[in-house]
Structures are given as C-alpha cells and as structure tokens.
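Just so you know, all these numbers are worked out from the coordinates, no wet-lab data involved. Fair warning: this is a prediction, and the values are worked out from it, not measured in the lab. With ideal geometry, Cβ positions are generated from the backbone for all residues, glycine too; neighbour counts draw on all protein chains shown.
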Amino acid sequence: MHMADALLSPAVGGTMLAASIGAASYSVKKIQNDLDEKKIPLMGVMGAFVFAAQMINFSIPGTGSSGHIGGGLLLSILLGPYAGFLTMAAILLIQALFFGDGGLLAYGANLFNMGFYSCFIAYPFIYKWFTRKGITSKNILWGSMISAIMGLQLGAFSVVLETLFSGKTELPFGTFVLLMQPIHLAIGAVEGLVTTAVVTFVWKARPEIITTAANGQSLGNISMKKVLSGLILAIIIVGGGLSLFASQNPDGLEWSMKKTAGTTELEASDGIHKSFSKIQSKTALLPDYGFKAIDNKEDKSSSKMEDTVTSKNAGTSISGIVGGSLTLALAVLTGVIISFIKRKKKISS
C-alpha cells in the first residue's frame, strides 16, 4: 500500500507529512518513559524483520492481485505503540530513499496509512481489548486477525480519501473504494495470521516482552537472546531467500488502480513532483529491490536472458539483506538518540 507521489497533490502530501511528524514527535515524548537499553536492539531487529517481510508479496487467489503485510500492528504489540510507530517511520524512509518504494512526497501519507492506524487505533482499541483478560493463543489469534483487518481497512480508505482530496479524477471515489476495501480485507486476514505466528513465538519464548510493551514498562532484566536470535535468523531467511518467491502480481493498490483507471501509474508533470522524482532516482541505489537496469536491446540471446534472471534474483536477495541492515541501523539510531535525550533530561533535572 505504498503510495507513489503522483497519487497526491503537494497540499495533501504536505498535510499528511505534518500529521505524521506530529505523531512521531508525540511518540518521541511518550517513549522516553519506557525506553531502555534492551528495547533499542529489539526496535532494530523488528524493523529489519518487517522490512524483509514486506518484500514478500503473496498472491490473492482468483483476483490477479497480491499483497504484503503492513507490520504496524506487529511492531506495536512487541514494542508498544510509540516505539512501533517510530520503527515504522524508519522502515518507510529506508524503502523510499534507497529502494524507490513509495514516493518522498507521499512519505507522510504512507506513514500515516500504514503506521498511525495500526499503532494508535487497531492496537490499543482492538487488540488490547481482546487480550484484556489475559494473553492466550486464542486471544492472540482473534486479536491479531481483527486488528490487522481493521488497520488495513482504515489505511486503504485513507488512501482513497487522499486521492479524492488531491483531485485525482482518474480514480473516482465510488469505484476506487469498492475495489480497495475488499482486496485489503483479504490482505488483512493474511497479515493477521503472520502477526499471530510471530507474536506467539515471542510469547512462548519471552512472554514478559509482550506484557511490558502493553503496560508501557521497560524490559528491565528480561533476557532477549532467544527472541533476537530467532528474529535475526528469520530476517536472513525471509529477506535473503523467501523474497525471491514473491508474487509478481500487482499489489492491492496497484490492482485497484488498474481496474479503476486502466493503469498502475498516474502521470505527474508539475515541478514539485518532478523534483522529488529526481531526488529519488539519485538516492534509490536498488530501485524496486533490484539492480539498476542496463539497457541493451541488441543482445536477446537465451544466455543473456538467463543472466538477467540471475542478476534480478541476486538483486532481490541483496536488497533484502541491505535493506534489513539499513533499517536495523536507523531504528537503533532512533532509539539511541531518544535514550540520549532522556538521559540529558534526567541530568538537567
């Protein structure tokens, strides 16, 4: 559900960026109460895991569409809503800058659509309601399923509203919303299952991680070795291996656009959009999670095509590892900076 810049007007893109910055600033203020040294590496590892997981597009049977998890709910369950939102901000920034996934003008909208609803609405008002009487396998399943579906439904509807307010007449509200909501219902169900699997693993390994996150407490003396080791192994497997088998079908947003406007990309010809596009073309070292294409129209031999496939697969694997590492580093850096601010405030007071 990563929006491209062409879907938004500068006014809407700027408004959504301001809203997301406000949510991030509030999160920085609130997280200082429960952020300790042990949560910082967990932020990094969880950010890298969600980055890798988002690379795997799974097919939606009978539609010709695909989807990937958002990850905001998973982050908020394991880290708390504030650390979860900031980690999502790091993930989407790395994706936009280095992989061209989601526009720079649309960064605020993407963060709001994929992070705000999951972390600040689906998690506290739905997931925590299901687990209010205690955490069990059944509560984790139903809480994750309903919360993931609702978070994605809100995010998908927000995309439709943002294109409407941006004046994108190619995507009429009625048709667009009738396509976006059902396809993201299916995607949300799969995200719920993935969230259930990861949360159940952590709950069985270290249940205190989930309870401290829910109560806004620091991790204290909880051992993180088993959880971090399992997640790092999953990052390598998912980002470096399973990402090669991702569906090539258009994702839910692209599929809805294709059905509505006959294309998965809208044209944007004004100066602001072009400026952001130029910046992104320079920063995207691995665009679309692969090596930059080298145009060679003369050589069409089978060996050349095999080399191209091999190169694409290598680019995808490298993107998974590099992207996960960059996300881990940025999320950890975010945590370190917040921890530094927290210590400075204590000293000054």
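Things worth noting here:
- Cα-based radius of gyration of the chain once divided by 2.2 N^0.38 Å, which approximates compact folds: 0.99
- Residue-wise HN-Hα coupling along the stretch 202-211, computed from phi with Karplus coefficients 6.51, -1.76, 1.60 (Hz; x: Gly, Pro): 5, 4, 6, 7, 8, x, 4, 4, 6, 5
- Whole-Hz couplings from phi, Karplus 6.51/-1.76/1.60, listed for the stretch 17-26; x for Gly and Pro: 5, 4, 5, 5, 4, x, 5, 5, 5, 4
- Built amide H within the under 5 Å cut-off of I60, gap 5+: S65, S66, G67
- Here the 3J(HN,Hα) profile of the stretch 278-284, calculated from phi with Karplus coefficients 6.51, -1.76 and 1.60 at θ = phi - 60°, is 5, 4, 5, 5, 7, 7, 6 Hz, Gly and Pro shown as x.
- A straight line joining the Cα centroids of the stretch 5-80 and the stretch 127-204 runs 13 Å.
- Inter-label distance, L178 to I232: 5.2 nm, where each label sits 7 Å from its Cα along the C-beta direction.
- Scanning residues 5 or more positions from I222 or on other chains, none has an amide H under 5 Å from its amide H, with H placed 1.01 Å from N in the peptide plane.
- Placing +1 on the Cβ of every Lys and Arg and -1 on the Cβ of every Asp and Glu, with nothing else charged, gives the chain a dipole about its Cα centre of roughly 1500 debye.
- Potential lengthening between K346 and E267 on full extension [0.36 nm per residue; Cα-Cα distance subtracted]: 23.3 nm
- The residues packed around A205, meaning those with a beta-carbon under 14 Å from its beta-carbon, carry a net charge of +3 if Lys and Arg are +1 and Asp and Glu are -1.
- Ranking F157, N215, I347 by how far each Cα lies toward the positive end of the dipole of the chain (charges on Cβ) leaves I347 at the top.
- Calculated Rg and Dmax of the stretch 11-103 using C-alpha coordinates, Å: 14.8, 47
- From helices alone, the chain scores -22000 deg cm²/dmol at 222 nm; the rule is -39500 (n - 2.57) for each run of n ≥ 4 DSSP H residues, then divide by the residue total.
- Lys/Arg +1, Asp/Glu -1 at C-beta; the stretch 1-142 dipole; positive extreme among G134, Y26, F51: G134
- Eligible lysines near K282 by straight Cα distance, threshold 25 Å, same-chain separation 8 or greater: K274, K292, K297, K312
- Cut-off 11 Å, label 7 Å out along Cα→Cβ of T200, residues of the stretch 124-139 by amide N: 137-139
- Here the stretch 66-89 is scanned for amide nitrogen atoms under 14 Å from the site 7 Å beyond the Cα of N33 along Cα-to-Cβ, giving 80-83.
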